[in-house]
1. Find the helices (runs of 4 or more DSSP H) located wholly in the stretch 294-366 whose residues include 1 or more that are farther than 16 Å from Asn116 by Cα and open to solvent by 10 Å² or more (accessible area, probe 1.4 Å), and list them.
2. Tell me which residues, restricted to the stretch 153-194, are of a type in the set (D, E, K, R) and not in a helix (DSSP H, G or I).
3. Hey, can you tell me all the residues within the stretch 428-475 that are among the basic types (Lys, Arg), touching a residue at least 40 places away in the same chain (Cβ under 8 Å) and open to solvent by 40 Å² or more (accessible area, probe 1.4 Å)?
4. Residues in the stretch 391-401 that are open to solvent by 10 Å² or more (accessible area, probe 1.4 Å) and either under 15 Å from Asp255 (Cβ atoms) or outside any loop (DSSP other than H, G, I, E, B) (or both): how many?
5. Could you check how many residues of the stretch 272-293 are surrounded by fewer than 20 Cβ atoms within 10 Å (Cβ to Cβ) and in a loop (DSSP other than H, G, I, E, B)?
6. Report, by residue number, each residue of the stretch 367-390 that is within 20 Å of Gly290 (Cβ to Cβ) and either open to solvent by 50 Å² or more (accessible area, probe 1.4 Å) or acidic (Asp, Glu) (or both).
7. Taking the stretch 436-475 as the region of interest, how many residues are over 29 Å from Leu313 (Cα atoms), touching a helix residue (DSSP H, G or I) at 6+ places or on another chain (Cβ under 9 Å) and among the polar types (S, T, N, Q)?
8. In contact with a Ser or Thr (Cβ under 7 Å, 6 or more places away or on another chain) and assigned to a helix (DSSP H, G or I): does that describe Ile197?
Amino acid sequence: MAAEGMGQQWVLVEMVQAFYEAPTYHLILEGILILWIIRLLFSKTYKLQERSDLTPKEKEELIEEWQPEPLVPPVSKDHPALNYNVVSGPPTHKIIVNGKQCINFASFNFLGLLDNERVKNAAQASLEKYGVGSCGPRGFYGTFDVHLELEDRLAKFMKTEEAIIYSYGFATIASAIPAYSKRGDIVFVDESVCFAIQKGLQASRSNIKFFKHNDMADLEHLLKEQEIEDQKNPRKARVTRRFIVVEGLFVNTGDICPLPELVKLKYKYKVRIFLEESLSFGVLGEHGRGVTEHFGINMDDIDLISANMENALASIGGFCCGRSFVVDHQRLSGQGYCFSASLPPLLAAAAIEGLNIMEENPGIFEVLQQKCKQIHKALQGIPGLRVVGQSLSPALHLQLEESTGIREGDMRLLKEIVDYCMNRGIALTQARYLEKEEKFLPPPSIRVVVTVEQTEEELDKAASLIREAAEFVLN
């Protein structure tokens, strides 16, 4: 016991000796920590609010005065989105708008399949066999044999290993992008891409880098900058995926992407290419396969192709195609595929018949391209308007040469031109955008859409009437 007591005294002596020998800053730091701990132990973790002495009457008055913030911002009743042009009957070559028959230069019915008898008969037969809708996603009794047939036909038509179909065109690319590109990945995007691509990028939460429209020098500059950043942190670079996302034929500009240059940059900087071909599918190329066929690019050079079936095929929905292991991933991760009711079988049957017609009549694409060139040439030199878009685009834009300086003023002038033409039998439309949502808002424009059904005389009449309208409104 005595020895134990002596040991305790010795330990105490050593502690006191260590205290005196410790550096001053060490003692100050320990003292501050001890005081902070004591403060935390004895201080209150919350402060009671003082009781209100308001009378019941005063409380009622305050409640009556309170006004909640509006759920949405106020919108004028004159907003174009709230004032519809009502169509009676099918929006085919001749369209009845607001009770007036016009030649249709507004609908994306490029190949004239919307009112084709073969397509309607195929849809009718499917309607009688399967009913109207599917009432379930593809993974929950929503997969019909006609869906598998359409996917097989699309893959063969596009000369890829596999295809996957979606029930909504907008959701196709908007679901495909976040299925592959995740947080931390890098996506290089043309600043003129459509809104569906923009929503897909937003959902991916990736690092987005925009390059100037169709400017390959600007894109390569961004790729070089990223290459330098990757060299600084090679571990991070090894797990970061990089993508280039463009449209084959840009719906907002009517321009064809420089795909050969993009493929060169892909292999030089080791990135993947996603190609959105909603406007170019069924339009460009000898057989309507899109911009890849137009430039003679090997399909294996493109990692993923997407397009909707709502333009040239005159149906509903969209598809993606590419290598099997790439496409199959969407069956597990594509939100629009996994959680939306599948494409109604009658629309799948209509799309299959549309593909049949495209394969049986390859000359139809040359006819469309010639008419695109004709209207592009005829619209040149209109006083006050300039043509935006390349000569092979079936959707051209007419913009004011000189803006009023106010977007609403520009839109009002263009609407007067549209109304002038509408009253004289030519149906045009203004391009519409969600102005507060667009990353790079395009200038106001009139969209002129070409189809194979329009005759040479009707094309000349439309161009002449637009010229007459511009001279009347702008001068």
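1. Passing ranges, in order: 324-333, 335-339.
2. Listed by number, the residues that qualify are Lys159, Glu161, Glu162, Lys182, Arg183, Asp185, Asp190, Glu191.
3. Arg432, Lys439, Lys461, Arg467
4. Start the filter on the stretch 391-401 by keeping residues that are open to solvent by 10 Å² or more (accessible area, probe 1.4 Å), which leaves 391-392, 399-401.
Filter once more, keeping what is either under 15 Å from Asp255 (Cβ atoms) or outside any loop (DSSP other than H, G, I, E, B) (or both): 391-392, 399-400.
The number of residues fulfilling the criteria is 4.
5. So the answer is 2.
6. Result: Val367, Gln370, Lys373, Gln390.
7. Final tally of qualifying residues: 1.
8. Values: in contact with a Ser or Thr (Cβ under 7 Å, 6 or more places away or on another chain): no; assigned to a helix (DSSP H, G or I): yes.
No, not satisfied.
The values are calculated or read from the model by the stated rules, or taken from the named source; none is laboratory data. Keep in mind that what you see is a predicted model, and the values were worked out from it rather than measured. Backbone-built Cβ (ideal geometry, glycine too); neighbour counts: all protein chains shown. What goes into the accessible areas is simple: the full protein's heavy atoms, side chains included, and nothing from ligands, DNA or RNA. Shrake-Rupley method; radii C 1.70, N 1.55, O 1.52, S 1.80 Å.
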